[in-house]
Amino acid sequence: MADKQNEAKKKKKKKTRNKTRDFFTDYYKTNREYDKENRQRQEAEGGSPKGLKNLNPMEKACVVVIVLGLIGIVIKYIIL
């Protein structure tokens, strides 16, 4: 009986993977490399990247949604 308990302890548990975290970290690393290359290219051309001008359309859409959400929260809880 003690042998069965020892064997059960020796079995390794299957390591679970967090696929969502892997997706976002890969997305973050890829965008960081792309942004770094883009900034280097812009600096080599003589321009300097400024603020929201350096965002792609998806990121601009996210910023717009966040701003609209904040405006909605302000209207709902402060004004009304």
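The values are calculated or read from the model by the stated rules, or taken from the named source; none is laboratory data. Please read these numbers as outputs of a predicted model, since none were measured by experiment. Neighbour counts are summed over all protein chains in view; Cβ atoms, including those assigned to glycine, are modelled from backbone coordinates with ideal geometry. When the accessible area is computed, the model is the full protein with side chains, heavy atoms only, and any ligands, DNA or RNA have been set aside. Shrake-Rupley method; radii C 1.70, N 1.55, O 1.52, S 1.80 Å.
Apart from one condition, K76 fits all of (1) open to solvent by 100 Å² or more (accessible area, probe 1.4 Å); (2) at pLDDT below 85; the exception is (2). Residues of the stretch 17-52 that are open to solvent by 90 Å² or more (accessible area, probe 1.4 Å) and at pLDDT below 70: K50, L52. Within the stretch 58-75, residues that are free of Cβ contacts under 8 Å to residues at least 60 places away in the same chain sit with their Cβ atoms under 8 Å from residues that are open to solvent by 60 Å² or more (accessible area, probe 1.4 Å) and of a type outside the set (D, E, K, R), at 6+ positions apart or across chains, in these pairs: K60/L52; V63/L52. The conditions of being at pLDDT below 80 and out of contact with any His (no Cβ under 7 Å at 6 or more places or on another chain) are not met by L68.
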